[in-house]
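Undergrad: Before anything else, here's the structure in question.
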There are 2 protein chains.
Amino acid sequence: MSADSITAALLVIGDEILSGRTKDVNIGATAEFCTDLGIDLKQVRVVSDETDEIVEAINALRGRYTYVFTTGGIGPTHDDITADAVAKAFGVALPINDEARAMLETRWKQTGTEVNEARLRMARIPEGASLIVNSVSAAPGFRIGNVHVMAGVPIIMRAMLEAILPTLRTGKKVLSVTVKAAVGEGTVGGPLGALQELYPDVKMGSYPQMGNDKVMTELVLRSSDPVRLEEAAGKVRAMVAEAHQRAGVTPPDEVY
Amino acid sequence: MSADSITAALLVIGDEILSGRTKDVNIGATAEFCTDLGIDLKQVRVVSDETDEIVEAINALRGRYTYVFTTGGIGPTHDDITADAVAKAFGVALPINDEARAMLETRWKQTGTEVNEARLRMARIPEGASLIVNSVSAAPGFRIGNVHVMAGVPIIMRAMLEAILPTLRTGKKVLSVTVKAAVGEGTVGGPLGALQELYPDVKMGSYPQMGNDKVMTELVLRSSDPVRLEEAAGKVRAMVAEAHQRAGVTPPDEVY
């Protein structure tokens, strides 16, 4: 990893994920978003709706990675405590933000929604933060320091990722090549490990495919250097072809 | 949370999750598994295939929760380093385990699979650990201290969860009641917060449903005490009925 690599962590906040009631999809979406931008997502944490848990995670992650993204806990109910926790982590106040309030009130006027204390919770923004305005929800997220606080509802979360995209420093895009092998990963494991040592700058992963009629292993090569990647992929393809021949099996239809 | 509550953390290990290439399903499965057993899943972490990251996470989590579950990184290739990292975290050696080797060799004999160094990696088990034998894969997971090391392939992971189930201490099962409201969560947020203060032992969450034609909010109440849960649910149902009346909306079909 070069010194100027851009890294990130994702903090998913919500009891509903930890209870299994809601199946998270924001981890996968954020992972793809980061990969597309050449941002190296290094860690994900899921914590409950408890202030201390959130504060601890925010402070552990924000000093360590270029960016921290959070999802969840910015709605209008008592269990939405992410803004409180982020303000506490940064040691700043959490006043009603005039800009956020105006945005919400405009939407509420359009929809005939009553203004009340619960809804106004969504206008509370830590001092010094800037808003993350999005096209789906009138309730904004916010950015303070390197921490980006976003909604947990997937469609709003994705709109907020799009909104912050132009503000993020991006890294060298990581390219990948997948080589399919019709033998088990135990068969290709040894030679793949040897090739990994020859190409330390091309990260090689091996993923057995279960539940098929035929044995299938996907070997995935990742690098930001297209020349080295293609060179390594050529070696891996040759190694797999040899393994197929030795095992007397037909190679899989697609090598892509 | 009572002093004798049973807690857990899940550590998901694998670059393929952090790159977005593979979408994790083990978090949701583990969350449901824990909830069914009355085990309070308190935290999830996803880290990359790097020894230091895994060691740090294992040591941070194992002192803090009753159980730690890990998934991923116990296959036969060079990027499968979970056993190495766990051995390092516990400060023990990682020899070939005779029992694991015998299990693997029996399966390989049946299937005509060659024994090689890569495959024998799967028989390396930290000293002092006991095996987690499962019905799907001949490659065992293992348990050392309070840490349960399992496969990343979901079907094997679930078989391993079933295998360890009888060995786990279980808590009081947490029951839940869901009340559907045909108003936004900003409308019920205030009174729900007041009810939460009256019932600190019944955890109340609010989840807006997006993408429907109608506004819909699900209020989820959770408690291990069925009497208090039903009492609180009655109050929440009455509060929601009043909100429906005030808003002049038809209540949703199901209140379950």
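Undergrad: First measure r as the distance between the Cβ atoms of B:Asn146 and B:Ala247, then evaluate 1/(1 + (r/R0)^6) with R0 = 56 Å and state the FRET efficiency to the nearest 0.05.
TA: Taking R0 as 56 Å, the efficiency between B:Asn146 and B:Ala247 is 0.65.
Undergrad: Relative to the other copies, what are the label-point distances for B:Lys172, with labels 7 Å from Cα along the C-beta vector, expressed in nm at one decimal and sorted shortest first?
TA: From this label point to the equivalent ones elsewhere in the assembly: 5.7 nm.
Undergrad: Looking at A:Gly38, A:Thr71, A:Thr51, which one has the Cα that reaches farthest to the positive end of the dipole of segment A:29-84 (charges on Cβ: Lys, Arg +1; Asp, Glu -1)?
TA: Positive-end residue among those listed: A:Gly38.
Undergrad: Now, a different point. Could you pull the copy-to-copy label distances for A:Asp98, with points set 7 Å along Cα to Cβ, in nm to one decimal and sorted shortest first?
TA: Once sorted, the set of distances for A:Asp98 reads 7.9 nm.
Undergrad: Provide the percentage of antiparallel DSSP beta bridges, counting only those with both residues in chain B; round to the nearest 5. Intermediate results must be reported in sequence, preceding the final value.
TA: Numbers: 21 of 37 bridges.
That works out to approximately 55 percent antiparallel.
Undergrad: Using the eigenvalues of the Cα gyration tensor, what equivalent ellipsoid semi-axes result for segment A:175-247 when each is taken as the square root of five times the eigenvalue, whole Å, largest first? Intermediate values should be presented prior to the final figure.
TA: On the way: eigenvalues 85, 32, 20 Å².
Semi-axes, largest first: 21, 13, 10 Å.
Undergrad: In debye, nearest 20, what is the charge dipole magnitude of segment A:175-247 about its Cα centre with +1 on Lys and Arg Cβ and -1 on Asp and Glu Cβ, if you could check? Let's see the in-between values first.
TA: Working: 8 positive and 9 negative charges, 24 e Å.
Approximately 120 debye in magnitude.
Undergrad: Here's another thing I want to ask about it. Enumerate the calculated ³J(HN,Hα) couplings along segment B:84-89 in order (Karplus 6.51 cos²θ - 1.76 cosθ + 1.60, θ = phi - 60°), each rounded to whole Hz, writing x wherever the residue is Gly or Pro.
TA: Couplings: 4, 5, 5, 4, 5, 4 Hz.
Undergrad: Over the protein assembly as shown, what is the percentage of antiparallel beta bridges among all DSSP beta bridges, to the nearest 5? Walk me through the numbers on the way to the answer.
TA: Details: 47 of 79 bridges.
Approximately 60 percent, going by the DSSP bridge assignments.
Undergrad: Using a simple charge model, +1 on the beta-carbon of Lys and Arg, -1 on the beta-carbon of Asp and Glu, nothing else, what dipole does the protein assembly as shown show about its Cα centre, in debye to the nearest 20?
TA: Details: 52 positive and 66 negative charges, 22 e Å.
Roughly 100 debye for the protein assembly as shown.
Undergrad: List the residues of segment A:12-28 whose accessible area drops by at least 50 Å² when all protein chains are present, compared with their chain alone, using a 1.4 Å probe and counting only protein heavy atoms.
TA: Flagged in segment A:12-28: A:Leu18, A:Ser19, A:Arg21, A:Lys23.
Undergrad: Another question, if that's okay. Using the alpha carbons of segment A:1-113, what is the convex hull volume per residue in cubic angstrom, as a whole number? Could the numbers behind the result be given before it?
TA: Details: hull volume 16.9 nm³, N = 113.
In segment A:1-113, the Cα hull volume divided by residue count equals 149 Å³.
Undergrad: Taking just the C-alpha trace of chain B, give me its Rg and Dmax in Å.
TA: Here Rg and the maximum Cα pair distance are 22.9, 73 Å.
Undergrad: Using the crude model of +1 on Lys and Arg Cβ and -1 on Asp and Glu Cβ, and no other charge, please compute the dipole size for segment B:29-92 relative to its Cα centre, in debye to 20. If you can, show how the numbers build up before the last one.
TA: Working: 5 positive and 11 negative charges, 70 e Å.
For this selection, approximately 340 debye.
Undergrad: If you put a point 7 Å past Cα along the Cβ direction, how far is that point for B:Glu50 from the same point in each other copy, in nm, smallest first?
TA: 2.8
Undergrad: Roughly how many percent of the accessible protein surface of segment B:175-247 is carbon and sulfur, given a 1.4 Å probe and a whole-percent answer?
TA: Details: 1840 of 3400 Å².
Carbon plus sulfur share of accessible area: 54 percent.
Undergrad: Here's something else I'd like to know. For the interface of B with A, what's the total buried accessible surface in square angstrom, probe 1.4 angstrom, rounded to the nearest hundred? Don't jump to the answer; show the numbers that get you there.
TA: On the way: alone 13380 and 13390 Å², together 22050 Å².
Approximately 4700 Å² gets buried when B meets A.
Undergrad: Note the per residue figure in Å³ for the convex hull of the C-alpha positions in segment B:85-139. Please report the intermediate quantities before stating the final value.
TA: Working: hull volume 4.5 nm³, N = 55.
Expressed per residue, the convex hull around the Cα atoms of segment B:85-139 is 82 Å³.
Undergrad: OK, next. Given a Förster radius of 51 Å and the C-beta distance between A:Ala194 and B:Ser224 as r, what FRET efficiency does 1/(1 + (r/R0)^6) yield to the nearest 0.05?
TA: Working: r = 54 Å, r/R0 = 1.05.
For A:Ala194 and B:Ser224, the calculated efficiency is 0.40.
Undergrad: Counting residues in the protein assembly as shown as N, plug N into 2.2 N^0.38 Å and put the Cα Rg over that result. If you can, show how the numbers build up before the last one.
TA: Working: Rg = 24.7 Å, N = 512, 2.2 N^0.38 = 23.5 Å.
That ratio works out to 1.05.
Undergrad: With θ set to phi - 60°, apply the Karplus curve 6.51 cos²θ - 1.76 cosθ + 1.60 along segment B:113-126 and write out the HN-Hα couplings as whole Hz, x wherever there is a Gly or Pro.
TA: The phi angles translate into 8, 6, 8, 9, 4, 4, 5, 5, 3, 6, 9, 7, 10, x Hz.
Undergrad: For segment A:37-152, what is the percent of antiparallel DSSP beta bridges, rounded to the nearest 5? Before the final figure, lay out each step's value.
TA: Values: 7 of 11 bridges.
Antiparallel: roughly 65 percent of the beta bridges in segment A:37-152.
Undergrad: For segment B:1-155, what is the accessible area per residue in Å² when the probe is 1.4 Å? Write out the running numbers ahead of the final one.
TA: Working: 5740 Å² over 155 residues.
It amounts to 37 Å² per residue over segment B:1-155.
Undergrad: Need one number: nm distance between label points at A:Glu127 and B:Asp36, each 7 Å from Cα along Cα→Cβ, rounded to one decimal.
TA: Taking the simple label geometry, A:Glu127 and B:Asp36 are separated by 5.0 nm.
Undergrad: For B:Ala93 paired with B:Glu117, estimate the spin-label separation in nm (one decimal), with each label point 7 Å from Cα along the Cα-to-Cβ line.
TA: 2.0
Undergrad: A further question follows. Each residue of segment B:67-83 in turn: what ³J(HN,Hα) in whole Hz from Karplus with 6.51, -1.76, 1.60 and θ = phi - 60°, glycine and Pro shown as x?
TA: Listing the rounded values in order: 10, 10, 10, 10, 10, x, x, 10, x, x, 9, 4, 8, 8, 10, 4, 4 Hz.
The values are calculated or read from the model by the stated rules, or taken from the named source; none is laboratory data. No experiment lies behind these values; they were computed from the predicted model shown. As a convention, Cβ positions derive from the backbone with ideal geometry for all residues, glycine included, and neighbour counts pool all protein chains shown. Just the protein is used for accessible areas: all its heavy atoms, side chains included, with ligands, DNA and RNA removed. Shrake-Rupley method; radii C 1.70, N 1.55, O 1.52, S 1.80 Å.
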